[in-house]
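First up is the structure itself, then whatever we jot down about it.
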Amino acid sequence: MALIAQWIEAASPRLLMSDVSVEVALLARLMGTPTAVAAMRGERTDPPHRTAYDLADLLLAPWPADLPEPGWPAHWWAKTVHTGAFSRFDGRPPPVPAETPAGRGRPWQVLLLLGSGGSDVLSGEVKAAQAATPGWEWTTLGGRGGGWSADPWPALCAADVVVTHAGQNAVAECAAARRPAIVIPQERPFGEQTATGRALTRGRLAAVADRWPTAEEWPALLEQARALGGDRWSRWAPGDGAAQAATALAAAARGERAL
């Protein structure tokens, strides 16, 4: 905090963008610096979050305005810019398929995409799901025992269904690839992933399970996701979310209201 305060004193910034730190946002405001705060889904009406959101000049919500987070007070809405989700893969074309399409000589492809921030999924549960879906070939990236790829884009694009948690980045990358998905929210503070799962269900953007499915449930769930398809992801991630966020931040730095 002392180092941030020294930087604010030396740089006199027009705006400070705080990702998820309530403490940093409040420090900046106490020093007279306007703030922008990255809004988070889930129950954020506890005193610390409410204070940071109340004092922010701008709230950036990386989800579409027509799938809002319910229960927000009107003064939060008035200063929120809904950018839609954005990903490092926005605008990147899918690789040219090098293999025969599924159903014509190869199994359907499942990509299990797990994060490094902790997972409720056990290896035995994954093996049971694989055994129950003999027409599907599973690849795992991340999590316990999963592979690692610095560039998961080809694997995302090759998947007929992506199975992942409801973290913002994982969902944004599925959306950028426009792949059918099964989203299984994990336990996180303030119910963040559960809230994201509810929004995805409302938008019919993915098949959402509130827990890891039993082995018997997997065949129907994979078919449900495949039937939903991935085209609706354009509603969640239109592809220009980062540019919209930059425009909103620049306007806030000028003391203007972002549209």
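Points to keep in mind about this one:
- Output for region 18-48, where each listed residue is touching a residue at least 40 places away in the same chain (Cβ under 8 Å) and either closer than 23 Å to E187 by Cα or of a type in the set (D, E, K, R) (or both): A39, M40, R41, G42, E43, R44, D46
- Matching residues, region 149-207, being at pLDDT below 95 and at positive phi: F190, G191
- Single condition E125 does not satisfy, out of (1) assigned to a loop (DSSP other than H, G, I, E, B); (2) of a type outside the set (S, T, Y); (3) touching a Phe, Trp or Tyr at 6+ places or on another chain (Cβ under 6 Å): (1)
- Test: residue in region 60-69 that is part of a loop (DSSP other than H, G, I, E, B) and charged (D, E, K, R): yes
- Of the helices (runs of 4 or more DSSP H) lying entirely inside region 190-236, those carrying at least 3 residues that are more than 14 Å from T164 (Cβ to Cβ) are 192-202, 218-228.
- Scanning region 123-161 for residues that are within 12 Å of Q109 (Cβ to Cβ) and among the small types (G, A, S) yields G135, A155, A158, A159.
- Selection status of A170, farther than 26 Å from G42 by Cα, in a helix (DSSP H, G or I), among the aliphatic types (A, V, I, L, M) and in contact (Cβ under 8 Å) with a residue 24 or more places away in the chain: no
- Residue within region 79-101 that is polar (S, T, N, Q), surrounded by fewer than 20 Cβ atoms within 10 Å (Cβ to Cβ), at pLDDT 95 or above and over 30 Å from G135 (Cβ atoms) present: no
- Annotation note: of A248, A252, A166, the sole residue that is surrounded by 21 or more Cβ atoms within 10 Å (Cβ to Cβ) and under 14 Å from the mean Cα position of the chain (by Cα) is A166.
- Count of region 5-53 residues which are outside any loop (DSSP other than H, G, I, E, B) and not β-branched (V, I, T): 24
- Yes/no for R179 being touching a Lys or Arg at 6+ places or on another chain (Cβ under 9 Å) and of a type in the set (K, R): no
The values are calculated or read from the model by the stated rules, or taken from the named source; none is laboratory data. Keep in mind that this is a model prediction, so the values were computed, not measured. Virtual Cβ from ideal backbone geometry, glycine too; neighbours counted across all protein chains shown.
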